[in-house]
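The values are calculated or read from the model by the stated rules, or taken from the named source; none is laboratory data. This is a predicted model, so every value here is computed, not measured. All Cβ positions, even for glycine, are placed from backbone atoms using ideal geometry, and neighbour counts span all protein chains on display.
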Amino acid sequence: MINSIRGFNDILPPETYIWQHIEKEAREIFETYGFSEIRVPLVERTGLFSRSIGETTDIVEKEMYTFLDKGGESITLRPEGTAPVVRAYIEHKLYASDPVAKLYYLGPMFRYERPQKGRFRQFYQIGAEAFGIDDPMIDAETLEMLVSLFQRLKLEGVTLNINSLGCKECRPLYKEKLINFLKDKKPSLCQDCQRRFEINPLRALDCKSKTCIELTSLAPSLLDSICEGCKTHFEKVKEHLSLYKIDFHLNPRMVRGLDYYVRTTFEITAEGLGSQNAVAAGGRYDGLVKDIGGPDVPGFGFAIGMERLVMLVKGQRQEAEGMGQGLVFMAMLGEKAEKAAIPLMKTLRSNGIRLERDYGSKSIRSQMRRADKLGAKIVLILGDDELASHSITVKDMESGEQEKVPFEKVEEKIRALLTERQKVMSKQ
Ligand code: ATP
Ligand code: MG
């Protein structure tokens, strides 16, 4: 037996129905905000990530799946979606006629991390990127889009944390301030924070280590140190979030683990996920498009962690119907019935009705057991009696009621029963 690789998961039915449900809602909502889907490769040149995400980030330092391909080129399984989407935006000159492009993606990402609850080596993200808009209104609106998705999915206990990281002008000044403040404390910081002290001291602000938390507790505040332009931008983001009636928590210590963020950054955390409690994160990345070789076009985006979102939806939704949803089961007694049912099954299926059957000419009892096991809502029974009268017995598995219906009326009857059930369900 060859097992799957550690950190690489199979996603099985019925859970795949939850995935599909989330993906469908996300596509629908993103489209209503003017975003279109982009599909980018799973593999890119290594330099794309090391250059954009930052050499001292966790991702580039230790989490990348990097290989030499047979031609000797260093390639990497994408650890995140922003850099590939930016690359595609530049490569296909999507900015040529209009710098504004709103794109979303869904698919797997790869990071060599220690697998644990909510953390895998292949995991899925749904993400969105808005290019070409400086206006802080897009920050707020994109956040609102994300929050609406979570509302549509009926998530509870989620918190939006926001911060501003300043820009290329004011962050270096803050960085210096922070280095000065931490200089004599450096030997007591954790190994990671010591190592990235000169290049990326801000990471010490949201380091999880107890001593780092203590040592940085009186550090100068980033939000007090950002420039006027960044302050105005951030004020407008907050104002618009309030206009959208979105609650947020200001977290001046939140520093994202990717170097390309400037100004607005955020993270959405949720209760019930354990210590990996961030379900989505993102921010503004003005400068990234230029750094990767494109024009100076600003950007704002986010990524949702699918596995964590699925965990929340699984824990919070009542109508976890899964595989049985709307399922009709065709029970046939004898070879003659099996043949007679074929045109009907074909019609029902081509009209979009989910229909399952059994194979091997089993007894009616055994077929009913299987229908039950699959969670079928309706069973159609075709035996000698029915054949003689050119009809089918339609059984509602919930109420147990059954009725003989002429062949031509079967579909109508099924639809009536299914909508009735749906009405009952939505009332609950
Ligand atoms: P974390 O703090 O959990 O390490 P991150 O800052 O590395 O997250 P991002 O790169 O911002 O995460 O990715 C956005 C989202 O993708 C995260 O909020 C999380 O929900 C999800 N995610 C990130 N890494 C993993 C992983 N290894 N397995 C599952 N989901 C992940
Ligand atoms: Mg991480």
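Tabulated results
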{"read-out": "Members of the range 1-51 that are part of a loop (DSSP other than H, G, I, E, B), assigned by TED's automatic domain parsing to the domain that holds Glu113 and among the aromatic types (Phe, Trp, Tyr)", "value": "Tyr33, Phe35"}
{"read-out": "Test for Ala83: is it at pLDDT 95 or above, assigned to a helix (DSSP H, G or I) and within 12 Å of ligand 1 (Cβ to nearest atom)", "value": "yes"}
{"read-out": "Evaluation of Ala303 against (1) more than 13 Å from ligand 1 (Cβ to nearest atom); (2) buried (at least 17 other Cβ atoms within 10 Å of the Cβ) (one fails), failing number", "value": "(1)"}
{"read-out": "Test: residue in the range 112-126 that is aliphatic (A, V, I, L, M), buried (at least 19 other Cβ atoms within 10 Å of the Cβ) and more than 16 Å from ligand 2 (Cβ to nearest atom)", "value": "yes"}
{"read-out": "The range 39-54, residues that are away from ligand 1 (no atom under 16 Å from the Cβ) and either out of contact with any Pro (no Cβ under 9 Å at 6 or more places or on another chain) or at pLDDT below 95 (or both)", "value": "Arg39, Val43, Arg45, Thr46, Gly47, Arg51"}
{"read-out": "Subset of the range 224-252 (residues that are part of a helix (DSSP H, G or I), hydrophobic (A, V, I, L, M, F, W, C) and either buried (at least 18 other Cβ atoms within 10 Å of the Cβ) or in contact with a strand residue (DSSP E or B) (Cβ under 6 Å, 6 or more places away or on another chain) (or both))", "value": "Cys230, Phe234, Val237, Leu241"}
{"read-out": "Test: residue in the range 70-91 that is without any contact (Cβ under 8 Å) to a residue 12 or more places away in the chain and closer than 20 Å to Gln122 by Cβ", "value": "no"}
{"read-out": "The range 103-158: number of residues that are part of a loop (DSSP other than H, G, I, E, B), of a type outside the set (Ser, Thr, Tyr) and within 12 Å of ligand 1 (Cβ to nearest atom)", "value": "8"}
{"read-out": "Subset of the range 253-269 [in contact with a Lys or Arg (Cβ under 7 Å, 6 or more places away or on another chain), under 12 Å from Leu160 (Cβ atoms) and either in a loop (DSSP other than H, G, I, E, B) or within 16 Å of ligand 2 (Cβ to nearest atom) (or both)]", "value": "Thr265"}
{"read-out": "Every residue from the range 163-184 that is touching a Ser or Thr at 6+ places or on another chain (Cβ under 8 Å) and either of a type in the set (S, T, N, Q) or farther than 12 Å from Arg203 by Cβ (or both)", "value": "Asn163, Ser164, Gly166, Cys170, Leu173, Tyr174, Lys177"}
{"read-out": "Single unsatisfied condition, Val297 versus (1) away from ligand 1 (no atom under 16 Å from the Cβ); (2) in contact with a Phe, Trp or Tyr (Cβ under 7 Å, 6 or more places away or on another chain); (3) under 24 Å from Pro108 (Cα atoms)", "value": "(3)"}
